[in-house]
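Worksheet: the structure to be examined is printed underneath.
Read-outs: derived from the displayed coordinates by stated rules, not from any lab. Small disclaimer: the values here were computed from a predicted structure and weren't measured. Virtual Cβ from ideal backbone geometry, glycine too; neighbours counted across all protein chains shown.
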């Protein structure tokens, strides 16, 4: 193996370790419930990114991407409300007090997101083409945007 390949491999390992340390520190100093919801939100974001890469043509079309990642969003949506006990915004939380001030709207957005994710899973399981899945993906992403607009600190 030549030195360039060895150096590249070493650099990739070092970057991987650095990223894992950064990720761990990003969630340090938060309560357990805040960390759990940050992890859930990260899982949902990763699922959306995976599906977006197919929608944008960066990855080959595969209905399983929509099934698997849609199920991730449905799962997290099912548990999400329990991860927002009243006033749990201490530490590094990105949650805004508006969540608890407008709880019913927050719950409605979550339910709509869950239903849109489940519909995306159903459509993908039916073997539909990319175009109808893309339309449903856009509906799903509108729930994410609506929630982030009103209930998440600006980055």
Practice item. In whole Å, largest first, what are the principal axis extents of the Cα atoms in region 41-155? Key: 43, 24, 18
Study note, to complete from the structure: A chain fully extended from residue 82 to residue 155 at 0.36 nm per residue, minus the present Cα-Cα distance, gains in nm 23.9 nm
Review point. Cα centroid distance between region 91-124 and region 56-74, in Å?
Key: 20
Exercise for review: Can you tell me which of 73-80, 58-65 comes out highest on packing, and rank the rest after it, using the mean Cβ neighbours within 10 Å?
Suggested key: 73-80, 58-65
**Study point:** Relative packing of 82-91, 47-56, which averages over residues the other C-beta atoms within 10 Å, highest first
**Key:** 47-56, 82-91
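Could you work out the relative contact order of region 31-151? I mean the mean sequence separation of Cα pairs under 8 Å and 6+ apart, divided by the number of residues, in percent.
31
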